[in-house]
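> To start, I am sharing the structure in question, which I have written as structure tokens.
No lab work stands behind these numbers, since they all come straight from the coordinates. Small disclaimer: the values here were computed from a predicted structure and weren't measured. All Cβ positions, even for glycine, are placed from backbone atoms using ideal geometry, and neighbour counts span all protein chains on display.
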Number of protein chains: 2
Amino acid sequence: MTHIKALPQALVSLIEDLSRLPGIGSKTATRLALHILRRPASEAAALARDLADLHARIHLCGNCFSFSEENPCPICSDPRRDATLVCVVEGPADMMAIEKSASFKGQYHVLHGALSPMDGVGPRELRIEALITRIQRHKIRELLIATSSTVPGEATASYLMEKLARAGVKLSRLACGIPMGMDVRHADTMTLSRAIDGRVMNR
Amino acid sequence: MTHIKALPQALVSLIEDLSRLPGIGSKTATRLALHILRRPASEAAALARDLADLHARIHLCGNCFSFSEENPCPICSDPRRDATLVCVVEGPADMMAIEKSASFKGQYHVLHGALSPMDGVGPRELRIEALITRIQRHKIRELLIATSSTVPGEATASYLMEKLARAGVKLSRLACGIPMGMDVRHADTMTLSRAIDGRVMNR
């Protein structure tokens with residue numbers, strides 16, 4: 001910051017903190033900090049309190065490794081959820097998206113990443129050993145592998161399918177195809193070929 | 001939030017706080033909150049502390065109404081700045097942009113808004129009376145009106161020019177024209193006609 005003169009230190013500190021967040025550049029950080037300054041102090045105080053509380057209150061569920069205030073988490077401790085059907089996701093955001101769809105009634109297993117040797121992420125960096133133990137201990141019937149259709153996501157899915165081929169558990173994947181509401185003419189070729197390969201027969 | 005089950009309350013609270021910031025929707029807020037949770041607790045604590053400090057440490061400069069930890073602010077108390085040349089801006093962000101250019105050596109006057117009767121912003125809502133008092137008391141020589149070239153910005157500039165026409169102070173405006181690095185073919189017609197009207201003769 002070369003324009004320090006125009007900026008009080010308390011504002012510079014906040015702008016620097018905000019700039020460290022993903023997708024927030026120094027311009028956006030400045031805009032946010034000025035907005036917070038213009039709003040009542042009570043709003044900044046509420047945000048400060050919630051930030052300070054976050055790490056103290058949230059931990060990983062010992063069963064599925066999702067972020068939770070309780071252990072086990074509300075999903076793992078819900079008797080209406082099918083504990084023998086487990087959806088494997090890369091991160092909490094994927095799990096939240098699936099929960100939002102309200103079409104999955106099993107439990108989750110959060111890997112906290114995807115295989116990417118270039119970035120130093122191997123099987124040991126993910127919660128894969130814990131998944132294998134869980135499959136054996138809890139008699140998991142089906143594993144829905146819901147990693148992303150990116151290179152690391154596909155690599156993780158392949159690794160899991162090979163590793164678990166003889167684990168006595170059914171393995172499934174999310175269907176791949178044209179997203180709802182998208183024109184076929186706008187779909188990329190990879191998506192289209194997946195949609196054709198995975199076409200569903202009319203009964 | 002209908003997907004509460006998947007989200008601990010401490011995370012929901014933070015996401016709601018973040019969603020109140022301008023330009024941050026619930027998806028971005030969720031992404032930011034999860035990022036903060038994955039990073040060390042010390043980073044969240046630093047952000048929380050800086051937020052809590054902000055309003056306590058920053059006030060308005062009594063002379064120019066910019067945000068500052070001192071009164072008068074470092075610019076108003078700097079003897080190297082020309083106190084008889086004052087740049088009128090809508091907000092602190094405009095002032096920061098001009099400071100960054102390092103081509104203005106006078107002082108500022110922050111209006112904290114622009115005239116917009118539809119939004120209930122009239123002359124009384126801006127720091128205009130204080131500007132008039134300042135012109136008289138400090139023998140201001142020139143007022144550079146640097147409001148934005150938006151409808152409210154132009155309305156504010158017109159109002160000030162009429163109001164101050166006989167105040168014994170020279171009035172100037174920022175030059176309007178093609179931004180640096182922009183192709184002429186990409187400039188909009190309004191900007192082009194301003195750039196032609198304001199053309200600079202070769203000496």
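> Please list, in chain and number order, the residues 5+ apart from B:Val121 or on another chain whose amide H is under 5 Å from its amide H, with Hs placed from the backbone.
Hits under the 5 Å cutoff: B:Ser116.
> What is the ratio of the Cα radius of gyration of the protein assembly as shown to 2.2 N^0.38 Å, with N the residue count, to two decimals?
The value comes to 1.33.
> Using helices alone, I'd like the mean residue ellipticity at 222 nm for chain A: each DSSP H run of four-plus residues gives -39500 (n - 2.57), total over residue count, nearest 500.
-12500 deg cm²/dmol
> Now for a different question. Report, to the nearest 10°, how far helix B:41-57 tilts away from the longest principal axis of the Cα atoms in chain B, using its own Cα long axis and a range of 0 to 90°.
Tilt of helix B:41-57: around 40 degrees.
> Could you tell me the ratio Rg/Rh of the range A:2-57? Both radii from Cα atoms, Rh via Kirkwood.
Ratio of gyration radius to Kirkwood radius for the range A:2-57: 1.00.
> For the range B:109-126, take each phi angle, set θ = phi - 60°, evaluate the Karplus expression 6.51 cos²θ - 1.76 cosθ + 1.60, and give the result in whole Hz per residue in order, putting x for glycine and proline.
Result, ordered by residue: 9, 9, 6, 6, x, 9, 4, 7, x, 4, 9, x, 9, x, x, 5, 7, 9 Hz.
> On to the next question. Looking at the protein assembly as shown only, what percent of DSSP beta bridges run antiparallel? Nearest 5 please.
So the antiparallel bridges in the protein assembly as shown amount to around 20 percent.
> Please report Rg (one decimal) and Dmax (integer) in Å for the Cα set of the range A:39-124.
Answer for the range A:39-124, Rg first and Dmax second: 16.2, 50 Å.
> When the chain is fully extended, how far beyond the present Cα-Cα distance does A:Lys170 get from A:Ala155, taking 0.36 nm per residue of separation?
3.5 nm
> Moving to a separate point now. For chain A, give the share of DSSP beta bridges that are antiparallel, in percent and rounded to the nearest 5; count only bridges with both residues there.
Of those bridges, close to 20 percent are antiparallel.
> When the Cα centres of the range A:147-177 and the range B:1-76 are compared, how far apart do they sit, in Å?
If we compute the Cα centre of each part, the gap is 39 Å.
> Here is a follow-up. Give me the percent of Cα-Cα pairs in chain B that sit more than 32 Å apart, rounded to a whole number.
The share of Cα pairs beyond 32 Å in chain B comes to 38 percent.
> Here is a follow-up. Compute the acute angle (0 to 90°) between the alpha-carbon long axis of helix A:128-137 and the principal axis of greatest extent of the alpha-carbon atoms of chain A; round to the nearest 10°.
Between the helix axis and the principal axis of chain A, the angle is about 50 degrees.
> What net charge is computed for the residues neighbouring A:Ser13, neighbours being all others with C-beta under 15 Å from the C-beta of A:Ser13, Lys and Arg scored +1, Asp and Glu -1?
Taking every other residue near A:Ser13 into account, the sum is -3.
> Please work out the FRET efficiency for the pair A:Arg124 and A:Gln9, using the Cβ-Cβ distance as r and a Förster radius of 45 Å; give the result to the nearest 0.05.
So the FRET efficiency works out to roughly 0.55.
> On to the next question. From the phi of every residue in the range A:145-158, what ³J(HN,Hα) in whole Hz does the Karplus formula 6.51 cos²θ - 1.76 cosθ + 1.60 yield, where θ is phi - 60° and glycine or proline is x?
7, 10, 6, 6, 8, 10, 4, x, x, 5, 4, 5, 4, 4
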